[in-house]
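The values are calculated or read from the model by the stated rules, or taken from the named source; none is laboratory data. Remember, predicted model here, so these are calculated numbers, not experimental data. When we count neighbours, we look across all protein chains shown, and the Cβ atoms used for this are built from the backbone with ideal geometry, even at glycine.
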Amino acid sequence: MQMIHSVKEMNKTIRQMKSSGKTIGFVPTMGFLHEGHQSLISQAKEMCDIVVLSIFVNPTQFGPNEDYLTYPRDIKRDKMIAEEEGVDIIFNPDADEMYPLGESMLVKVNDRVDVLCGRSRPGHFDGVATILIKLFNIIMPDKVFFGLKDAQQVAVVDSIIKNFHYPIQLIPCETKREEDGLAKSSRNVRLSADERQEAALLNKGLQEGLLLINKGERSVSRIKKCVTLFLETHLRLGKIDYVEVLSYPELQSATSITERFIIACAVQYKEARLIDNIVADLDPDLKGEQKQYVAHIDEK
Ligand code: AMP
């Protein structure tokens with residue numbers, strides 16, 4: 001496994017690999033790896049010749065009062081995990097390397113960001129899009145792997161690829177969870193023992209919404225109310241930031257759920273903001289039953 005810190009070396013290495021006909025799978029992360037990241041890596045390994053993992057805590061996607069400085073970091077441990085998973089190259093630049101001219105130019109995302117985390121974290125997806133465009137230009141991947149845990153991010157990446165004409169296939173990957181249903185996240189280490197126990201209820205709340213849909217409910221406001229009520233009733237420590245039911249990946253609101261939809265929530269704990277969602281398809285063949293969506297948005 002190669003560890004590369006400079007853009008120049010990364011670019012040179014990728015060009016060599018591409019000229020020998022190898023396909024490149026790219027998994028962007030902020031490090032502090034867990035099984036969610038590992039599942040992305042193993043899918044990339046299955047589908048591509050070379051797997052590049054980036055580890056970079058991107059300053060431009062954090063708001064002024066967010067956790068950029070305290071975001072968990074452990075590059076030594078990450079290196080060991082990546083090696084075990086069979087990653088070929090870790091790209092681990094520092095902020096000056098990625099932003100040689102500071103923040104003199106940032107991408108502005110206008111679509112799919114006025115809801116969910118985009119609304120709660122103004123400018124977040126501008127930072128995400130900026131860093132991803134830089135990384136896509138340097139790494140020139142054939143396929144990119146993103147977790148549906150961050151479903152709005154997947155929707156924004158889908159839009160970046162289409163808007164900027166990248167010849168890249170987006171592979172959305174299923175959310176990996178703890179046994180009690182809590183979505184794995186680097187930020188989970190920041191929960192107190194009581195908060196950790198309570199956090200499993202986020203997914204239970206979303207599942208309540210899904211249950212209602214499976215019983216035939218199609219009204220967005222009633223599904224939203226059901227999830228909100230569950231969380232309001234059961235959460236003692238976390239504060240609800242949002243509960244939303246939207247079309248996916250367009251992230252439009254409607255009065256009744258559309259073919260592919262997302263039920264999403266965000267809850268603020270003392271030291272960690274948690275998000276979770278369910279993306280699912282209404283399948284007419286299943287007479288109103290839904291099936292969990294883990295397929296590709298954009299088959300090429
Ligand atoms: P992060 O390091 O949190 O920026 O995440 C890097 C990538 O891993 C993103 O595409 C995330 O959506 C994905 N990811 C994070 N948590 C999970 C999870 N529990 N299951 C699957 N993918 C995840």
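Key figures for this structure:
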{"read-out": "Any chance V154 is touching a residue at least 24 places away in the same chain (Cβ under 8 Å), among the aliphatic types (A, V, I, L, M) and within 11 Å of the ligand (Cβ to nearest atom)", "value": "yes"}
{"read-out": "Segment 24-40 - residue that is surrounded by fewer than 22 Cβ atoms within 10 Å (Cβ to Cβ) and of a type in the set (A, V, I, L, M, F, W, C) and, of those, farthest from the ligand (Cβ to nearest atom)", "value": "F32"}
{"read-out": "Residue satisfying condition, being on the phi < 0 side of the Ramachandran plot and in contact with a His (Cβ under 8 Å, 6 or more places away or on another chain), within set L170, L101", "value": "L170"}
{"read-out": "Count of residues meeting criterion [under 27 Å from F62 (Cβ atoms) and not hydrophobic (A, V, I, L, M, F, W, C)] in segment 187-209", "value": "10"}
{"read-out": "Criterion violated by D67 - all others in (1) away from the ligand (no atom under 16 Å from the Cβ); (2) acidic (D, E); (3) surrounded by 15 or more Cβ atoms within 10 Å (Cβ to Cβ) satisfied", "value": "(1)"}
{"read-out": "Residue count for segment 181-203, restricted to those that are out of contact with any Pro (no Cβ under 9 Å at 6 or more places or on another chain), surrounded by fewer than 15 Cβ atoms within 10 Å (Cβ to Cβ) and either free of Cβ contacts under 8 Å to residues at least 40 places away in the same chain or hydrophobic (A, V, I, L, M, F, W, C) (or both)", "value": "2"}
{"read-out": "Qualifying residue in segment 5-28 (condition: touching a Lys or Arg at 6+ places or on another chain (Cβ under 6 Å), within 14 Å of E85 (Cα to Cα) and not basic (K, R))", "value": "yes"}
{"read-out": "Candidates E208, E178, filtered to the one that is within 10 Å of the ligand (Cβ to nearest atom) and touching a residue at least 12 places away in the same chain (Cβ under 8 Å)", "value": "E178"}
{"read-out": "Condition met for S54 (in a helix (DSSP H, G or I) and closer than 15 Å to F146 by Cα)", "value": "no"}
{"read-out": "Residue count, segment 163-175 (criterion: surrounded by fewer than 18 Cβ atoms within 10 Å (Cβ to Cβ) and either within 14 Å of the ligand (Cβ to nearest atom) or assigned by TED's automatic domain parsing to the domain that holds T228 (or both))", "value": "1"}
